[in-house]
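Data first, discussion second: the structure below is written as C-alpha cells.
The values are calculated or read from the model by the stated rules, or taken from the named source; none is laboratory data. Worth saying up front: this structure is predicted, and the values here are computed from it rather than measured. Quick reminder, even Gly has a Cβ in these numbers, built from the backbone with ideal geometry, and neighbours come from all protein chains shown.
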Amino acid sequence: MASPNGSSSSRSRDTPAPPAAGAIVPVGGLGGPTLSGPMADLRHRRRELAERVAELTWDLGGLTYEMAVRDHYRLDVLARRAAELQEADAQLGEVQRLLASADAGIHGQCRSCGAVHSRGAAYCWHCGAGLLEEARPTVLDASSDSS
C-alpha cells in the first residue's frame with residue numbers, strides 16, 4: 001500500500017491492520033486472542049476479507065455516484081466491480097462459516113496441510129486438497145467364506 005508521499009508501507013504481516021475507515025466490524029471484533037496455527041490463519045484471512053469487502057463496497061458506491069453525477073453509466077464496469085465484490089463476500093461468508101463451526105466443534109483437519117475444516121467440506125480452504133475419502137469396498141474375511 002502506498003503512502004501519500006509515494007513510498008510503500010512497511011507494516012509487517014504479524015502486526016494486525018486496523019479495520020478500514022467506514023468498515024462494519026462484527027460484535028466482538030474481527031479477531032480473537034492471539035493464537036498460532038490454522039485457527040489464527042483463518043482469523044487473519046477473515047480480517048483481510050472483511051477489509052477487502054468493505055473497500056470494494058466503498059469503491060462500488062463511489063463509482064456509482066461518480067457515474068450518476070456525470071449521467072454516464074458503464075454497466076459493464078459496474079457489473080465487473082459488483083462481481084468482484086460478490087466473490088470476496090462469498091469467500092468471507094465461507095471463512096465465517098468455518099469459524100462459526102469451529103466454535104461449535106471442528107470436524108477435522110486437512111491431511112495435506114493440517115488446516116481445520118467444517119463438516120461437509122469437500123476441499124481444504126487453505127491448500128485446496130480434497131477432503132472426501134473414496135468409498136472402498138471392504139475385504140471379505142477368508143474364514144467367513146465357507147462354500
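Below is a table of values for the structure above.
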{"quantity": "Test for Ala54: is it of a type in the set (A, V, I, L, M, F, W, C) and exposed (fewer than 15 other Cβ atoms within 10 Å of the Cβ)", "calculated": "no"}
{"quantity": "Among the residues listed as Ala50, Ala82, the single one being in a helix (DSSP H, G or I), of a type in the set (Gly, Ala, Ser) and under 24 Å from His117 (Cβ atoms)", "calculated": "Ala50"}
{"quantity": "Answer from Leu92, Leu98, Leu30, Leu42 - the residue that is modelled with pLDDT of 90 or more, buried (at least 16 other Cβ atoms within 10 Å of the Cβ) and within 17 Å of the chain's Cα centre (by Cα)", "calculated": "Leu92"}
{"quantity": "Unmet criterion (only one of (1) at positive phi; (2) surrounded by 13 or more Cβ atoms within 10 Å (Cβ to Cβ)) for Asp59", "calculated": "(1)"}
{"quantity": "So Ala20, is it modelled with pLDDT under 75 and surrounded by 14 or more Cβ atoms within 10 Å (Cβ to Cβ)", "calculated": "yes"}
{"quantity": "Residue among Ala142, Ala79, Ala121 that alone is of a type outside the set (D, E, K, R), exposed (fewer than 15 other Cβ atoms within 10 Å of the Cβ) and either touching a Ser or Thr at 6+ places or on another chain (Cβ under 8 Å) or modelled with pLDDT under 85 (or both)", "calculated": "Ala142"}
